[in-house]
1. Looking at this structure, is residue 168 free of Cβ contacts under 8 Å to residues at least 60 places away in the same chain and out of contact with any strand residue (DSSP E or B) (no Cβ under 8 Å at 6 or more places or on another chain)?
2. Are any residues in the range 10-52 out of contact with any helix residue (DSSP H, G or I) (no Cβ under 6 Å at 6 or more places or on another chain), at pLDDT 95 or above and in a loop (DSSP other than H, G, I, E, B), and if so, which ones?
3. Please go through the range 348-358 and pick out each residue that is more than 33 Å from the chain's Cα centre (by Cα) and either among the aliphatic types (A, V, I, L, M) or part of a helix (DSSP H, G or I) (or both).
4. Consider only pairs whose beta carbons are under 7 Å apart and that are at least six residues apart or on different chains; among these, list those whose first residue lies in the range 213-240 and is within 19 Å of residue 180 (Cα to Cα) and whose second residue is surrounded by fewer than 15 Cβ atoms within 10 Å (Cβ to Cβ).
5. When the range 297-347 is examined, which residues are found to be among the polar types (S, T, N, Q), part of a helix (DSSP H, G or I) and more than 25 Å from residue 196 (Cβ to Cβ)?
6. Quick one: which residue in 266, 248, 211 is in a loop (DSSP other than H, G, I, E, B) and of a type in the set (Ser, Thr, Tyr)?
7. Identify all residues within the range 111-124 that are surrounded by 16 or more Cβ atoms within 10 Å (Cβ to Cβ), outside any strand (DSSP E or B) and touching an Asp or Glu at 6+ places or on another chain (Cβ under 9 Å); write none if there are none.
8. Does residue 61 satisfy the criteria of being out of contact with any helix residue (DSSP H, G or I) (no Cβ under 9 Å at 6 or more places or on another chain), hydrophobic (A, V, I, L, M, F, W, C), part of a helix (DSSP H, G or I) and buried (at least 18 other Cβ atoms within 10 Å of the Cβ)?
Amino acid sequence: MSVTINIGGDFCIEPGYLGKPLLGDDIKALYKNADINIVNLECPVNEHGDDHKIIKHGPHLQTTEQIFEYLTQLNITTVTLANNHLLDYGEEAVDATFRACHNNGISYVGAGADLQEAAECIIIEKNDIKIALLNFCEHEWSIATTDTAGANPIDIIDNLAAIKKAKAAADMVLVIIHAGNEYYNLPRPALKKLFRFFADNGADAVVSHHTHTISGCETYNNVPIIYGLGNMLFTRKTGYAGWYTGLTAQLTVEKNKAVQFTLVPTKQSKEDFTLSVTAGKEKEEVLQETAALSAVIADDLKLEQAWNSLIEKRMPQYLYHFSPVPAMPGRYVKSALRRMGFVNTLTPPEYLTGVINYITCESHLDMARQVLKKKLFKK
């Protein structure tokens, strides 16, 4: 006996696209034939308008319960909720998302009414095989606390304990993680190390999304590690071509055997976001790209070189955010200061040494987080 699992990437249909025919027959057929179907629900169900929008850096995403019509058409059985947008419209929207899942018979993992609940795994039993599903995400604006709702964070100690507990209760442990550098199609070296650590300590498969672009994969000590599924369906226009390409990971699980997997390329139409399965030459090109990325991941030196190239490319962006310029009024003033090179003037070495110390030293970082939260949220 075996169990087949489909895992899709980021799934977000915003209100302006709900009700439109977005799913091709081929993608429905792909998801109809698996025992378990999982996607990352990237946008919370918001019933209260923009009044509950939280203070955060980056875009706010939202949807309505109508999105579950599409999830039902795809035979989605479980959604992962540990992502950076779950809390965009406050705890009311998180609770509305939970209710919508219950109303539509879809289980969820990676979120809860508090941190303890968010960290719980779910166990799905099919064909006499018990599969434990765990879901973590990086710390951004969505994380649950001991007394507030939200997502389950990456925390090596807590995550390791959860994996070991799940391993004792199930035949297979599947870890799905929302992590990585957006629009970068490789894992940073530390993320590769983390995913392999989870594999070494009980995870039978590790799958990741968040970067809005596909990445490579590997089989490490008989454990599949898939480093980036890209978007499955995400109704936001962008000039970034990788946004419209995704992967569905198809896992085959049997008792006392290593998990087997294949990757199925999918695509969104750039015109209307219609989702379909990629075929023919286009499919082969995506798989070749995935193979090339996998080859880089397998080579520590090449992976480090690629990471250093990204650091060089994005250095101006990060220096800008470390400077006081973003806090200045008026986008024209900020734009002028950037063009005139004032960002470099406002981030001298003496200033940056303090920044480095506060974000490198664990004790300083923990204190800095609390100080900034109290200043920003007045509590």
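The values are calculated or read from the model by the stated rules, or taken from the named source; none is laboratory data. Being a predicted model, the structure only gives us computed values, none of them experimental. For neighbour counting, all protein chains shown are included, and Cβ atoms are generated from backbone atoms with ideal geometry for every residue, glycine included.
1. Yes.
2. Correct list: 14, 18, 19, 20, 21, 22, 24, 34, 35, 42, 43.
3. 349, 350 - these are the residues of the range 348-358 that are more than 33 Å from the chain's Cα centre (by Cα) and either among the aliphatic types (A, V, I, L, M) or part of a helix (DSSP H, G or I) (or both).
4. Note: pairs meeting the criteria are 213/183; 218/298; 240/183.
5. Result: 317, 335, 344, 345.
6. 211
7. 113, 115, 119
8. So residue 61 fails the test.
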